[in-house]
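Sending over a structure as structure tokens; questions will come in a sec.
The values are calculated or read from the model by the stated rules, or taken from the named source; none is laboratory data. All values reported here derive from a predicted model rather than from experimental measurement. FYI the Cβ positions are ideal-geometry reconstructions off the backbone, even for glycines, and counts take in every protein chain you see.
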Amino acid sequence: MVMVVIDGIQGLDVTGPLDVFAAADDYGARYLLRTASPGGRPVRTTAGVRFAADLVLEEVTGPIDTLIVPGRSDWRSVVRDSCFVSEVARLSTASHRIASVCSGAFTLAAAGLLDGRRAATHWRLAAELAQAFPRVEVDFDSIFVRDGAVVTSAGVTAGIDLALSLVEEDYGVEVARSVARHLVVFMARAGGQSQFSVRLSSGAPRSPVVRAVLDAVTADPGGVHSRDALAARAGVSVRHLTRLFRTELGTTAAGFVERTRVEAATGLLESGTDTLDVVARRSGFGSEETMRRAFKRALGIAPSTYRARYRTTVPQRV
């Protein structure tokens, strides 16, 4: 397993997956972990921690079982580094599979490794990945995406989810489950990363009509946002609004309204003590049952489960 490290990476993007593989070795796996940097130089993380690389990136040869490429928030400077991108492209040909964590997807895209493939990245960067590399089919929601020999993950801790999936693929579900227990993480996280932002993941639509509707719904999720009401406020027909949403966002206005209301409800569940019925009314669902169904569709869990899981990291007393 070769992890490529560069200046400006987030430490957990590197140590999270590596700790998964290292823990797997305690349960019967046999991973040989190595880090490689340009010129073999030490690198600094966003927290100022200094990492010493094991290998000189330019001197690494195959075969490699898994090449892992994390990224950094300043992805533009990374993809402009043609030498670095070329090295990743070179090593990809000697690798059984290639993975990226967070904005590492931009490096893979620049190397042509994501052309025609589905891919994930951090939710704040997903729209930028889609715009910068239109040949990539960006998945705005998934924690990680497997497309052939290439696996891409969302941001930061999603690298742990990705690594657990690779352990399961290599050594079976029992080893992966043991690692998850050891690291005290979920074996399979409920909900996608769309739970963290609906408006941002929608990107910047070209149509001013769609942008205005998105902004209006986001500003007041609990308001009246039926198709007729939205179309009337936008000054277009319901049919035209539906067509614009399908073309620009690949969804419906009703779908966007529901996801925005789910996001609003999650905020209320995390920060307040209102009953579920009150949260449902305040976020625009009208009833607790309607909110429950929307949560199941969007996040795969009930509102009560979401509140228990995400409101605090402090263990709950029994």
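Quickly run through the stretch 6-20 and pick out the residues that are among the hydrophobic types (A, V, I, L, M, F, W, C) and touching a helix residue (DSSP H, G or I) at 6+ places or on another chain (Cβ under 6 Å).
Result: 20, single match.
Right, something else. Provide a single number: the residues in the stretch 38-84 that are in contact (Cβ under 8 Å) with a residue 60 or more places away in the chain, closer than 18 Å to residue 113 by Cβ and among the hydroxyl-bearing types (Ser, Thr, Tyr).
Residues flagged as in contact (Cβ under 8 Å) with a residue 60 or more places away in the chain, closer than 18 Å to residue 113 by Cβ and among the hydroxyl-bearing types (Ser, Thr, Tyr) within the stretch 38-84 amount to 1.
For residue 114, state whether it is closer than 30 Å to residue 251 by Cβ, modelled with pLDDT of 95 or more and aliphatic (A, V, I, L, M).
yes
Answer yes if at least one residue in the stretch 212-222 is assigned to a helix (DSSP H, G or I) and modelled with pLDDT of 90 or more, and no otherwise.
no
Count, please, the residues in the stretch 245-291 that happen to be outside any helix (DSSP H, G or I) and within 19 Å of residue 220 (Cα to Cα).
8
Hey, among the residues in the stretch 132-178 that are out of contact with any helix residue (DSSP H, G or I) (no Cβ under 7 Å at 6 or more places or on another chain), in a helix (DSSP H, G or I) and of a type outside the set (A, V, I, L, M, F, W, C), which one's farthest from residue 12 (Cα to Cα)?
Result: 174.
Moving on to the next point. When the stretch 39-84 is examined, which residues are found to be under 15 Å from residue 15 (Cβ atoms), loosely packed, with under 12 Cβ neighbours inside 10 Å and basic (Lys, Arg)?
Correct list: 50 only.
Go through (1) closer than 21 Å to residue 154 by Cβ; (2) of a type in the set (Ser, Thr, Tyr); (3) modelled with pLDDT of 95 or more one by one and return the number of the condition residue 86 breaks.
With respect to (1) closer than 21 Å to residue 154 by Cβ; (2) of a type in the set (Ser, Thr, Tyr); (3) modelled with pLDDT of 95 or more, residue 86 is out only on (1).
If I filter the stretch 168-183 for residues that are under 16 Å from residue 16 (Cα atoms), assigned by TED's automatic domain parsing to the domain that holds residue 34, in contact with a Lys or Arg (Cβ under 7 Å, 6 or more places away or on another chain) and modelled with pLDDT under 95, do I get at least one hit?
no
Return the only residue of 223, 267, 250 being touching a residue at least 24 places away in the same chain (Cβ under 8 Å) and either under 22 Å from residue 308 (Cβ atoms) or not hydroxyl-bearing (Ser, Thr, Tyr) (or both).
The conditions single out 223.
I'm trying to understand the selection: among the residues of the stretch 75-131, which are charged (D, E, K, R) and either in a helix (DSSP H, G or I) or over 20 Å from the mean Cα position of the chain (by Cα) (or both)?
Across the stretch 75-131, the qualifying residues are 76, 80, 81, 87, 90, 128.
Which of the residues belonging to the stretch 139-164 are among the small types (Gly, Ala, Ser), at pLDDT below 90 and in contact with a Phe, Trp or Tyr (Cβ under 8 Å, 6 or more places away or on another chain)?
154, 155, 158
Check 87, 137 and return the single one that is surrounded by fewer than 21 Cβ atoms within 10 Å (Cβ to Cβ), of a type in the set (Asp, Glu), touching a strand residue (DSSP E or B) at 6+ places or on another chain (Cβ under 9 Å) and without any contact (Cβ under 8 Å) to a residue 24 or more places away in the chain.
Matching residue, one of 87, 137: 137.
Those residues that are of a type in the set (Ser, Thr, Tyr) and either on the phi > 0 side of the Ramachandran plot or modelled with pLDDT of 95 or more (or both), I need them from the stretch 288-318; list them, please.
Correct list: 290 only.
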